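J.: Provided herewith is a single structure, encoded as structure tokens, for subsequent inquiry.
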Amino acid sequence: MWHKPHLMTALADLLYLAAGATLLAAAVIWGASRLHVLPHQEVRVKHELREVQRLELEQALSELLRSSFFTVNLEALRQSLESLPWVRHAELWREWPARIGVRIEEQQAVAHWGEGNGELVNTFGEVFAASLSGDRQLPRLSGPVGSAAEVLRRHQEFVQLLKPIEQPLAQVTLSPRLAWALELEDGMLVELGREQAKAPIRVRLQRFVDYYPTLSDTRHGRPLAVDMRYPNGFALRFAASVGQERKGKK
């Protein structure tokens, strides 16, 4: 090999490359070991937020101030953001050289849940704890644990059925015994009872809508409650606790 100059030249080139690679690797390892070698210069949220407050974000992302671009724990930050009341889902990623991108899916409240304990229901039928901002008026839903999605689905169905009487639906309640009850915006209670094969909830509510124009009584006024749990009739309850039963059509 000592008598072959071209081989000697190639070997020298390889040694130079190996030495350069070693120096480069050492520099990278040294740099990565220093926490603030690439400090964060910007955290960018990719869209406008309606409910999540800037101060909440700053507190949830405060760990960024103590970590570098390489060492920040994105998973921990995601969990911290998703612990905020109005954050349903969060995504974070690194953007070279010193930026963290954030995308947040906010909760969209469509109803109150339960008996005034600060819980709301989102568009997916999920219950979350948060306070409404402003004077937003939302219906109230309640039911057993784990029933929020079904109660929301039923609420949407009931709203459509009640459209002909132009009376907004203020509350939908599912009891522990799985009996349904509605409260209209004017305060009238509509008891629908449990789902039955011979008299489905939908059919009973449609009967209520059909007879709604006739429910005023000249002596007692409008009823406080309408009991639709009968197979083909209903009962009225007035303020003076006088009950009256009327038979509807099958």
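J.: Inside the stretch 32-133, counting only strands (runs of 3 or more DSSP E) that do not spill past its ends, which hold 3 or more residues that are modelled with pLDDT under 85 and over 25 Å from V159 (Cβ atoms)?
T.: On the way: elements: 42-45, 87-95, 99-106, 109-113, 119-122, 127-129.
Ranges flagged: 42-45.
J.: Aliphatic (A, V, I, L, M) and in a strand (DSSP E or B) - does that describe any residue in the stretch 199-222? Spell out the reasoning first.
T.: Kept after step one, since they are aliphatic (A, V, I, L, M), are these residues of the stretch 199-222: 199, 201, 203, 205, 209, 215.
Filter once more, so that each one left must be in a strand (DSSP E or B): none.
The answer is no, given that none of the residues of the stretch 199-222 is aliphatic (A, V, I, L, M) and in a strand (DSSP E or B).
J.: Output the residue which, of all residues in the stretch 140-169 that are among the aliphatic types (A, V, I, L, M) and within 20 Å of the chain's Cα centre (by Cα), is nearest to G118 (Cα to Cα). I'd like the intermediate steps shown before the answer.
T.: In the first step, residues of the stretch 140-169 are kept if they are among the aliphatic types (A, V, I, L, M); the result is 141, 145, 148-149, 151-152, 159, 161-162, 165, 169.
Cutting the leftovers down to within 20 Å of the chain's Cα centre (by Cα) gives us 141, 145, 148-149, 151-152.
Values: L141: 12, V145: 15, A148: 15, A149: 18, V151: 18, L152: 17 Å.
Result: L141.
J.: Let me spell it out: the conditions are (1) in the same structural domain as L182 (by TED's automatic domain parsing); (2) farther than 27 Å from A181 by Cβ; (3) of a type outside the set (D, E), and G125 meets all of them except one. Which number is the exception?
T.: The single condition G125 does not satisfy is (2).
The values are calculated or read from the model by the stated rules, or taken from the named source; none is laboratory data. Keep in mind that this is a model prediction, so the values were computed, not measured. Positions of Cβ are generated from backbone atoms using ideal geometry, with glycine treated the same way; all protein chains shown enter the neighbour counts.
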